[in-house]
Amino acid sequence: MLRPMPVLEYHTAGESHGPALLALVQGMPAGVPVDLEFINAELRRRQGGYGRGGRQRIETDTAEFLSGVRQATTIASPIAIRIINKDSRIDDPVRTPPVYRPRPGHADLAGSIKWLTTDCRATLERASARETAARVAAGALARCLLRELGVEVFGFVRSVRDAHSSVDVTESNWRSLRADRDASEVYCPDAGASAAMIDRIHAAKADKDTVGGLVEAHVFGMPPGFGSCTDWREKLDARLAFAVMGIQAIKAVEIGLGKPTADRPGSAVHDPISFDRSRIGDSTLGFVRSSNNAGGLEGGITNGQPVVVRAAMKPISTLLRGMPSVDLNTKQPEHSDYERSDVCAVSAASVVVENVVAFEIARAVLAKVGGDSIVEVIRNWTGFLEMARTLPLDPPIARLA
């Protein structure tokens, strides 16, 4: 049976303490400039943030392209990316001993029962958030394509525990907020909130505990019409939620206003539509809103407003002080094992969310406009926007059949 035409997709492989992490990206058109400096900068950001553990002082994550790229440009063939693990010791029984006492909140117990073993080691090696380095590399590569179309993604930390930032992100201020974010130890573009977040992380470390928080990603420059309402699997909000929920330790995903929509009447939720002819040339196509509670998506399709995705990250499962557990061999009460870990990885999660969101946006772009080369993609993108700006079409689309 023939497979359908390729879509943009990626797969990852590798264990936390294996030789390397791998990302295989398929469906990327030819001619996309690969900004290796940018991709490596995103990998470095994923390793940073106040509250990270000792592993980040060992690794120096950089992307190595093994295929699909020639002279810093994609060539349309599958792209293999490798990120070397310096702390490679998966086959060393002394340095990576069996784990018989599962950590509450981690995949240890569930995975051990799934694969019928009392040793949690194999499960935790793959379930580890170390794997997200490969997803960041794939997402950062997708952003190289989005840049060619004027689409940008901005992610940051909204809160750590109860320390919350109320900063308002807009199309006019997000670039300055990015500079503020990059100056923050916790990747929050709000100096006061950043200080409070650091206090919460410091207190958790003193208590041998962990903390979680909220992260956000905003996508700017996406016109209306990308995604679908004809197939639930192609609804862009559903795909975004699926991609973000698949990140380790994420327990909730919201689009736009999110949960508070359940508490308000429709008149206070839905975003009024107006037309501003002076903006017909930008990504809104002139259709503007006084609010963006929908988060740039209606019916699974972009509506021209910034796409806004928010995710809740639970506290890291590995506590320095451990938690009540059992020995899987004896079934007797024990304290959970300790694996070197973070006190807070919300900053890192913001980078991962930013990049997996970017990949899904790029996928939606190519699903609509297609093209074997970036030149063709840009032509198709431009052609679609030109037609959308001249609605109603003459002759009407029905007469074109």
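Below are the figures for this structure:
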quantity: Members of LYS259/LYS331; LYS86/LYS259; LYS114/LYS208 lying beyond 32 Å, as alpha-carbon distances in this model show; calculated: LYS259/LYS331; LYS86/LYS259
quantity: Euclidean distance between Cα centres, region 166-206 to region 295-371, Å; calculated: 19 Å
quantity: Value of Rg/Rh across region 232-328 [Cα atoms, Kirkwood radius]; calculated: 1.17
quantity: Principal axis box of region 1-118, alpha-carbon based, largest edge first, Å; calculated: 50, 43, 26
quantity: Farthest positive-ward along region 310-401 dipole, Cα basis, beta-carbon charges - from GLY370, MET387, SER325; calculated: MET387
quantity: Residue of ASN329, ASN40, ASN355 that the Gaussian network model of the chain assigns the largest fluctuation, springs spanning Cα pairs under 10 Å; calculated: ASN329
quantity: Sulfur and carbon atoms: percent of accessible area, region 255-325 [1.4 Å]; calculated: 59 percent
quantity: Relative contact order computed over the chain (Cα-Cα under 8 Å; 6+ residues apart), in percent; calculated: 22 percent
quantity: Per-peptide average of other Cβ atoms within 10 Å, ordering 111-121, 218-228, 273-283 highest first; calculated: 218-228, 111-121, 273-283
quantity: Share of carbon and sulfur in the accessible heavy-atom surface of region 7-164 [1.4 Å probe, %]; calculated: 54 percent
quantity: For peptides 287-300, 308-321, sequence by mean Cβ density within 10 Å, most packed first; calculated: 308-321, 287-300
quantity: With Cα atoms, 0 to 90° folded angle of helix 191-206 axis to the chain main axis; calculated: 20 degrees
quantity: Diffusion coefficient, µm² s⁻¹, Stokes-Einstein with Kirkwood Rh over alpha-carbon pairs of region 83-152 at 25 °C and 0.890 mPa s; calculated: 169 µm²/s
quantity: Fraction of the pair-distance distribution of region 238-392 above 24 Å, Cα-Cα pairs, percent; calculated: 54 percent
quantity: Helix-derived mean residue ellipticity, 222 nm - over the chain, DSSP H n ≥ 4, -39500 (n - 2.57), to 500; calculated: -9500 deg cm²/dmol
quantity: Alpha carbon centroid spacing (whole Å) that separates region 87-127 from region 16-86; calculated: 26 Å
quantity: Candidate values (1) 62; (2) 45; (3) 50, label of the one derived for percent of Cα pairs over 28 Å apart; calculated: (3)
quantity: Acute angle (nearest 10 degrees) that the helix 36-47 long axis makes with the longest principal axis of the chain, alpha-carbon atoms; calculated: 50 degrees
quantity: Overall Cα dimensions of region 331-381 - principal axes, largest extent first, Å; calculated: 64, 27, 14
quantity: Kirkwood Rh, angstrom, region 99-246 [1 / mean 1/r, Cα pairs]; calculated: 18.5 Å
quantity: Distance (nanometres) between label positions extended 7 Å along Cα→Cβ at MET245 and PHE384; calculated: 2.5 nm
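The values are calculated or read from the model by the stated rules, or taken from the named source; none is laboratory data. Keep in mind it's a predicted model, so treat the numbers as computed, not measured. Please note: Cβ atoms are built from the backbone with ideal geometry, for glycine as well, and neighbour counts cover all protein chains shown. Only protein heavy atoms, including side chains, enter the accessible area calculation; ligands, DNA and RNA are left aside. Shrake-Rupley method; radii C 1.70, N 1.55, O 1.52, S 1.80 Å.
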